[in-house]
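Student: What follows is a structure written as structure tokens; I'll ask about it next.
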Amino acid sequence: MTKLKLGTIPDDTPVKLSLALPAALYRDLIAYAEALSRESGAPVTDPARLIVPMIAHFMAGDRAFAALRRAAHSPPPAPPARGSAPSREPG
């Protein structure tokens, strides 16, 4: 059978979350949106739209998390070849 170059298509269906932010954090989010609007010249009309890129940026920059993801996705070690003698280490 031919092996196709395209693998399994991941499920990228968005997941809707509902959460409550502390008032101080929401005020900071609004202030960030205002600062971003001034800096970019494009108005940020809904500060909540900043949350997804902020989380994505945070996770992309977390080196410990990246190392854990790499370790979790690395293939398991290959089993010993058939017919090879088991190693005898001094006990």
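The values are calculated or read from the model by the stated rules, or taken from the named source; none is laboratory data. All of these numbers come straight from a predicted model, not from anything done at the bench. Don't worry about glycine lacking a Cβ; one is built from the backbone with ideal geometry, like all the others, and counts go over all protein chains shown. Surface accessibility is based on the protein's heavy atoms, side chains included, excluding ligands, DNA and RNA. Shrake-Rupley method; radii C 1.70, N 1.55, O 1.52, S 1.80 Å.
Student: Under 9 Å by Cβ, and 6 or more places apart or on different chains, what pairs join a residue from segment 33-52 that is under 16 Å from Leu21 (Cα atoms) with one that is among the aliphatic types (A, V, I, L, M) and open to solvent by 100 Å² or more (accessible area, probe 1.4 Å)?
Tutor: Listed pairs, sorted by first residue: Ile51/Leu19.
Student: Every residue in segment 1-26 that is open to solvent by less than 100 Å² (accessible area, probe 1.4 Å) and among the β-branched types (Val, Ile, Thr), please.
Tutor: Correct list: Thr13 only.
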